[in-house]
Every structure is written in structure tokens, then in C-alpha cells.
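The structure under discussion appears below in the form of C-alpha cells.
The values are calculated or read from the model by the stated rules, or taken from the named source; none is laboratory data. The structure presented is a predicted model; accordingly, all values stated were derived computationally and were not measured. Note that we place each Cβ from the backbone using ideal geometry, even for glycine, and neighbour counts take in every protein chain shown. Side chains are part of the model used for accessible areas, which takes the heavy atoms of the whole protein and leaves out ligands, DNA and RNA. Shrake-Rupley method; radii C 1.70, N 1.55, O 1.52, S 1.80 Å.
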Amino acid sequence: MVNKFIAWLKQQVGSIYVWGAQGEVGFNEDWIRKRETSEENAKRAISFFRKQLSKGILDVKAYDCSGLLVRFFLDNSIIHSDMSAKGLYSFCKKIKESDLQA
């Protein structure tokens, strides 16, 4: 599953960060403004969105940090309902620092 996840992540390169997004496509600048938490964040996301469109990338996807994971988990039946970052954390198994691997 790890290799599948890494391959999927590579396909998401070029997506934009938008607060609360979970892989949405077909959105516009107004949608970004409504979701973002500040004007500065909206400007950042819109600037990158425009850059992608100018490159001819029309199927730009939007994610936030937990939304990226939730989308993969839902699409691969690892979870069966939407989860917040807090929900994802409670879903995780705690491990010792000494058990971490590269």
C-alpha cells in the first residue's frame, strides 16, 4: 500500500493548498476565497491556481493537509467516512520514536 500511496502522491504534484479541500476540481477563484482563512492565504492559492491554468493545467486539484490523506484513504476504502485531522490522529496507532523507519 505504501508504494501505491507514493505513486498517488506523485500524481498530485501541482495541486494547490486550499483550506478544507479534499481533491476538488472545477472550482474558481471565488470558491478559493470562501474557503481560505485569510486574504493572504487566498491570494497565495489564487496566484498558484492562475499559474497552473497559464501552463494549460485545467484539472487543478485542491487539498489541505488532512484532505490529501482523507481523499486517498476514502478512495482506497481505508476509511469509510470523512475525517478531520483530529479524526485521522485518533485513527493512528502510536509508536515509539525508536520504532521510526526511513
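For the chain, with the dipole built from +1 on Lys and Arg beta-carbon atoms and -1 on Asp and Glu ones, taken about the Cα centre, which of I78, L100, S54 lies farthest toward the positive end?
The one lying farthest along the dipole's positive direction is L100.
Let me cross-check R33: its accessible surface, 1.4 Å probe, with only protein heavy atoms counted, in Å² to the nearest 10?
100
Give the shape of segment 1-70 as rounded, prolate or oblate, defined through the alpha-carbon gyration tensor: a ≥ b ≥ c are the square roots of its eigenvalues, a/c under 1.5 means rounded, and otherwise the shape is prolate if a/b is larger than b/c and oblate if not.
Cα axes put segment 1-70 in the oblate bin.
Per residue, how much accessible surface does the chain expose to a 1.4 Å probe? Answer in Å², no decimals.
About 72 Å² of surface per residue is accessible.
From the Cα gyration tensor of segment 36-102, with a ≥ b ≥ c the square roots of its eigenvalues, which class applies: rounded if a/c is under 1.5, or else prolate if a/b is larger than b/c, or else oblate?
prolate
Counting Lys +1, Arg +1, Asp -1, Glu -1, what net charge surrounds R71 among other residues with beta carbon under 13 Å of its beta carbon?
Within the 13 Å Cβ shell, the charges total -3.
Check which residues have an amide H placed less than 5 Å from E24's amide H, if you skip close sequence neighbours.
A62
What figure, in Å² to the nearest 10, do you get for the accessible area of K55 with a 1.4 Å probe and non-protein molecules left out?
Counting only protein heavy atoms, K55 exposes about 120 Å² to solvent.
Taking only C-alpha pairs under 8 Å that are 6+ residues apart, what is the relative contact order of segment 8-68 in percent?
Relative contact order, segment 8-68: 56 percent.
For the chain, what relative contact order do you get, as a whole percent, if you take Cα pairs closer than 8 Å and at least 6 residues apart?
32
Given the C-alpha centroids of segment 1-55 and segment 61-102, what is the distance between them in whole angstrom?
That distance is 18 Å.
Please report how many Lys pairs in the chain have alpha carbons closer than 15 angstrom, counting only residues at least 8 apart along the chain or sitting on separate chains.
So the count of such lysine pairs works out to 5.
Rounded to the nearest 20 debye, what is the charge dipole size of segment 5-102 about its Cα centre when +1 sits on each Lys and Arg Cβ and -1 on each Asp and Glu Cβ?
160
Which percent of the accessible area of the chain is formed by carbon and sulfur heavy atoms (probe 1.4 angstrom)?
55
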